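All remarks here apply to the structure that follows.
The values are calculated or read from the model by the stated rules, or taken from the named source; none is laboratory data. Predicted model only: the values in this text are computed from it and were never measured. Glycine gets a Cβ as well: all are built from the backbone with ideal geometry, and neighbour counts include every protein chain shown.
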Amino acid sequence: MRKVFPVLASLLVALLFTAPAAYASSSEAIICSHVVQPGETIYCIARAYGVSPWAIASQNGLVNPSLIHPGQVLAIPDVYQALPAGPTCVAQCPAPTPPACTCSSYHTIVTGDNLYRISLHYGVSMWRIAECNAIYNLNYIRIGDVLCIPAP
């Protein structure tokens, strides 16, 4: 047990430093700067701008995205991501417009399908598929319906 803990701890630290870097790099275009207000979280800020919360954390070098402070200035990268509904912070500058829903393929729903499996199959976020098909309940899709699968 004593030998396992240091290995797991080092693996966790390695994941914390490498996983967020996959979402954004310092070369991403910056939409604007956001001044953190009391009670705001990375997730609600991301939802306000329609961008990936991991991209914001990576762009600003935040090792622990849960530790942001009022008055802190965050660069908001141009990394669009549709996020589920929830509390939204107030955007301090215009949010980016989502990319158009251009269908790269179509998928006919069969027994056993769900949006998560479909998203894995096509390499597209299930939130993006839902957005392009006006699906408001991610758990409710009907057999026989044809989904527009947007480009990844």
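Remarks
- Matching residues, segment 18-53, being of a type outside the set (A, V, I, L, M) and at pLDDT below 85: T18, P20, Y23, S25, S26, S27, E28, C32, R47, Y49, G50, S52
- All positions within segment 106-122 that are of a type in the set (G, A, S) and either assigned to a loop (DSSP other than H, G, I, E, B) or surrounded by fewer than 16 Cβ atoms within 10 Å (Cβ to Cβ) (or both): G112
- Candidates P70, P94 - the one that is at pLDDT below 65 and not in a helix (DSSP H, G or I): P94
- Within the span defined as segment 116-124, one or more residues are within 17 Å of the chain's Cα centre (by Cα) and either small (G, A, S) or modelled with pLDDT under 85 (or both).
- Residue match in segment 34-46 (condition: surrounded by 15 or more Cβ atoms within 10 Å (Cβ to Cβ), of a type in the set (G, A, S) and not assigned by TED's automatic domain parsing to the domain that holds W127): yes
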